Amino acid sequence: MSIEFLLASAIAVLTAAGIYLVLRAQTFSVVLGLAMLSYAINAFLFAMGRLKVDLPPIYETGAEYTDPLPQALVLTAIVIAFGMTALVVVLALRTYLETGSEHVDGTPEVEDTHPDRGGGA
Amino acid sequence: MMHLIVAPILLPAIIAALGVLRISRATQLGRYLSVAAMVAQVGIAVALFLTASDGTIRVYEMGDWRAPFGIVLVLDRLSAMMVLLTSLLAAAALAHGVATSLDRRGWHFHPLFQFQLLGLNGAFLTGDLFNLFVFFEVLLIASYGLLLHGQGAARLQAGVQYVIVNLVGSTVFLVAVGILYGVTGTLNMADMAVRIAAAPAGDQALIRVGAQVLMAVFALKAALLPLHLWLPRAYSNTSGAVAALFAILTKVGVYSILRVTTLVFGADAGAVAWAPASWMLPLALLSLAAGFIGVLAARRLRVLAAFGVIGSTGTLLAAVALFDRDAIAAALYYLPHSTLAGAILFLVADLVGRARGDLDDRLHPGRTFARRAQLSLLFLLSAIALAGLPPLSGFIGKLLILSTASASPAAPWIWGAILVTTFLAMIGLARAGSVVFWKVSAAEVRPPPRRWTTGPAWAIFALLAMLTIFAGPATDYAAAAAGQLFAPDGYIDAVLGERRGDI
């Protein structure tokens, strides 16, 4: 099996799992889904510099090299995704503690029929 | 190189870092620093605006790295206008936050506010696609903090949704950037424009996918239907000053659509030319309708203002979607108006909510409250602005959009949608105003509000009035800015210079 096929299928599986989890109603699943999606994107960005094995990330005239820029992009994306995951975990926990609901919409288990709450939102 | 171009990014970064220090939090120092920095930023923005209005496109190469290898900041008429609008709006929002003591309700209001400005200014100035992503992240991260500032269960719930939606948006943004980099091998927008124009036929399909995915992300930021669902809840549950500042966040999406489409996917781009044009107009008209139907249906003033933002951004995007020079000139005149009209309505809703005590901003008859006359006048003026009635600038803006749209084959749809929704907005706003200000009983709400809190709202009204009085110069400027957008060669030459094509 080629490395291209392995990487492509890994990205596909991660993205599929990520999308499925993000669409779930519990914040915990959504956080996991976001993490999966960001892993998929990191691998995807990495692949955008083309897959090359055993080549230096240094440009020399005439010589083969691997593109270093996607690696820098992935590094930035990892840092941002890590920070965001931490934030969303804290936020989800805080919301759970304040509202007693783990639902993304924050809807409590009973139907809220009070006319003044929520407005048109 | 003109170093002033980097100042709108550096100054908030430094002030935000100072604002996190313990001494800034424990004393009034943070507040003074933030206000002083805000005044300085307005000054810088005015200077940049005056510089850019001579029509030269100025480029700032970060760290003196030559484009397209380094990151460039580009100052043209459009970005100067956006930076000026940001700083004026932010000054009013900050003044409101300070006057209502919002900044004392949590620790990091001022640093977050400055980081928000850093992200906004950066997004408007950058000429690099990945850098645009980074500045989007900066402004989003700051907006998460600001949105939650002051806390409360409703705000937290709205915050979770807002954060999740935007995180997914950022992921999709990276997909688009990745595809475009994979095909063109560059992230510099000017260089990308050159390479896409010269791209072989086999790459067109991928470029097309990248372009459309990118536009979908910008549409999410601009709250274009059906990607608008995050906005009403997030904006209506946050504090007034923050919501007023957020009125510009949807415009970041509009700006990005304008910038990237005219520059990278413009007339020279072959098969991807005007990539979003095919779907944007119907969606813009639908979000215009959804926004103003929401105004009609809202049961709280803040919700009403949030739907007003969706509706007026829809109007703006309807003009943008024509991708015609005159229509975009009209849109660029309407853009500052739409931002300011949304912001003033959020400020008024906040003031009314504070004055009415327990009833807050709900559209229910209640007791009379302090400063009812002044607040009702402010509400009337902001309602006129949002609906786009004469004599304020919204009327001129809508008139310009209608007249430039009349040449388009979709003219009946645009005319119909804009005129009907203006009528809907009038009904919704008139109903809200009469319930809040007229159906009151004699007993007054007890605690009188603080003084000076209406100042920022009047300041925004003054800006709207200026936009109306100086409509002539403003439309000239908008036309010149649109002219620059439709001559992307000037931008590309300014960024790449003689290196164009030989890299």
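Residues in the stretch B:55-97 that are open to solvent by 20 Å² or more (accessible area, probe 1.4 Å) and farther than 18 Å from B:Ala494 by Cβ: B:Gly63, B:Leu84, B:Leu88, B:Ala91, B:Ala95.
Looking at the stretch B:90-103, is at least one residue touching a residue at least 40 places away in the same chain (Cβ under 8 Å) and hydroxyl-bearing (Ser, Thr, Tyr)?
yes
Take B:Thr368 and decide whether it is at pLDDT below 90 and either β-branched (Val, Ile, Thr) or surrounded by fewer than 16 Cβ atoms within 10 Å (Cβ to Cβ) (or both). Yes. Can you spot a residue in the stretch B:201-208 that is within 10 Å of chain A (Cβ to nearest Cβ) and assigned to a helix (DSSP H, G or I)? No, there is no match, as no residue in the stretch B:201-208 is within 10 Å of chain A (Cβ to nearest Cβ) and assigned to a helix (DSSP H, G or I).
Of the listed requirements (1) touching a His at 6+ places or on another chain (Cβ under 6 Å); (2) open to solvent by less than 10 Å² (accessible area, probe 1.4 Å), B:Gly106 misses just one: (2).
Within the bounds of the stretch A:105-121, is there any residue that is at pLDDT 80 or above and over 13 Å from the mean Cα position of the chain (by Cα)?
Taking the stretch A:105-121 as the starting set, the residues that turn out to be at pLDDT 80 or above are none.
No, the stretch A:105-121 contains no residue that is at pLDDT 80 or above and over 13 Å from the mean Cα position of the chain (by Cα).
Entry remark, the stretch B:169-178: residues being facing chain A (nearest Cβ under 7 Å) and more than 18 Å from B:Pro68 (Cβ to Cβ) number 3 in total. Do you know which residues across the stretch A:30-47 are more than 9 Å from chain B (Cβ to nearest Cβ), within 15 Å of A:Phe82 (Cβ to Cβ) and in contact (Cβ under 8 Å) with a residue 12 or more places away in the chain? A:Ala35, A:Met36, A:Tyr39 - these are the residues of the stretch A:30-47 that are more than 9 Å from chain B (Cβ to nearest Cβ), within 15 Å of A:Phe82 (Cβ to Cβ) and in contact (Cβ under 8 Å) with a residue 12 or more places away in the chain. Among the residues that make up the stretch B:425-443, is at least one of them open to solvent by 30 Å² or more (accessible area, probe 1.4 Å), within 29 Å of B:Leu85 (Cβ to Cβ) and part of a helix (DSSP H, G or I)? Checking the stretch B:425-443: at least one residue is open to solvent by 30 Å² or more (accessible area, probe 1.4 Å), within 29 Å of B:Leu85 (Cβ to Cβ) and part of a helix (DSSP H, G or I).
Listed conditions (1) closer than 29 Å to B:Phe346 by Cβ; (2) at pLDDT below 90 are all met by B:Ala201, apart from (1). For the stretch B:202-211, filtering for residues that are farther than 11 Å from B:Ile179 by Cα, in contact (Cβ under 8 Å) with a residue 40 or more places away in the chain and open to solvent by 50 Å² or more (accessible area, probe 1.4 Å) leaves 0.
Residues that are facing chain A (nearest Cβ under 7 Å) and under 22 Å from the mean Cα position of the chain (by Cα) within the stretch B:157-168 comprise B:Gly159, B:Val160, B:Gln161, B:Val163, B:Ile164, B:Leu167, B:Val168, listed in sequence order. With respect to the stated conditions, B:Val309 is in contact (Cβ under 8 Å) with a residue 24 or more places away in the chain, within 14 Å of chain A (Cβ to nearest Cβ), under 24 Å from B:Ala459 (Cβ atoms) and under 13 Å from the mean Cα position of the chain (by Cα). Would you point out which residue out of B:Thr250, B:Thr315 is away from every other protein chain (no Cβ under 14 Å) and over 28 Å from B:Gly145 (Cβ atoms)? Of the residues listed, the single one that is away from every other protein chain (no Cβ under 14 Å) and over 28 Å from B:Gly145 (Cβ atoms) is B:Thr315. A:Leu87 - would you say it is within 9 Å of chain B (Cβ to nearest Cβ), open to solvent by 50 Å² or more (accessible area, probe 1.4 Å) and closer than 28 Å to B:Asp128 by Cβ? Yes; evaluated as a whole, the condition is true for this residue.
To keep it simple, each residue is scored yes or no on (1) basic (Lys, Arg); (2) at pLDDT 90 or above; (3) buried (at least 24 other Cβ atoms within 10 Å of the Cβ).
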{"position": "B:Val309", "(1), (2), (3)": "no, yes, yes"}
{"position": "B:Ala319", "(1), (2), (3)": "no, yes, yes"}
{"position": "B:Asp326", "(1), (2), (3)": "no, yes, no"}
{"position": "B:Pro336", "(1), (2), (3)": "no, yes, yes"}
{"position": "B:Leu347", "(1), (2), (3)": "no, yes, yes"}
{"position": "B:His364", "(1), (2), (3)": "no, no, no"}
{"position": "B:Arg372", "(1), (2), (3)": "yes, no, no"}
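Can you give me the ranges of the helices (runs of 4 or more DSSP H) entirely in the stretch B:228-273 with at least 1 residues that are open to solvent by 10 Å² or more (accessible area, probe 1.4 Å)?
Working: elements: B:230-237, B:240-246, B:249-263.
Because the criterion is at least 1 residues that are open to solvent by 10 Å² or more (accessible area, probe 1.4 Å), the helices (runs of 4 or more DSSP H) in the stretch B:228-273 that meet it are B:230-237, B:249-263.
Every residue, every condition in (1) in contact with a strand residue (DSSP E or B) (Cβ under 9 Å, 6 or more places away or on another chain); (2) within 27 Å of B:Glu137 (Cβ to Cβ); (3) hydroxyl-bearing (Ser, Thr, Tyr), yes or no:
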| position | (1), (2), (3) |
| --- | --- |
| A:Phe5 | no, no, no |
| A:Gly18 | no, yes, no |
| A:Leu23 | no, yes, no |
| A:Gln26 | yes, yes, no |
| A:Ala35 | no, yes, no |
| A:Gly49 | no, yes, no |
| A:Ile58 | no, no, no |
| A:Tyr65 | no, no, yes |
| A:Leu69 | no, yes, no |
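When you look at B:Thr475, is it hydroxyl-bearing (Ser, Thr, Tyr), in a helix (DSSP H, G or I), out of contact with any strand residue (DSSP E or B) (no Cβ under 8 Å at 6 or more places or on another chain) and buried (at least 19 other Cβ atoms within 10 Å of the Cβ), yes or no?
Numbers: hydroxyl-bearing (Ser, Thr, Tyr): yes; in a helix (DSSP H, G or I): yes; out of contact with any strand residue (DSSP E or B) (no Cβ under 8 Å at 6 or more places or on another chain): yes; buried (at least 19 other Cβ atoms within 10 Å of the Cβ): no.
So B:Thr475 does not fit the description; no.
One residue stands out in the stretch A:12-29 among those that are open to solvent by 20 Å² or more (accessible area, probe 1.4 Å) and under 23 Å from B:Leu180 (Cα atoms): the one that is farthest from the other protein chains (Cβ to nearest Cβ), namely A:Val13.
The values are calculated or read from the model by the stated rules, or taken from the named source; none is laboratory data. This structure is a prediction, so every number in the text was calculated from the model and none was measured. FYI the Cβ positions are ideal-geometry reconstructions off the backbone, even for glycines, and counts take in every protein chain you see. Surface areas here come from the heavy atoms of the whole protein model, side chains and all, with no ligands, DNA or RNA. Shrake-Rupley method; radii C 1.70, N 1.55, O 1.52, S 1.80 Å.
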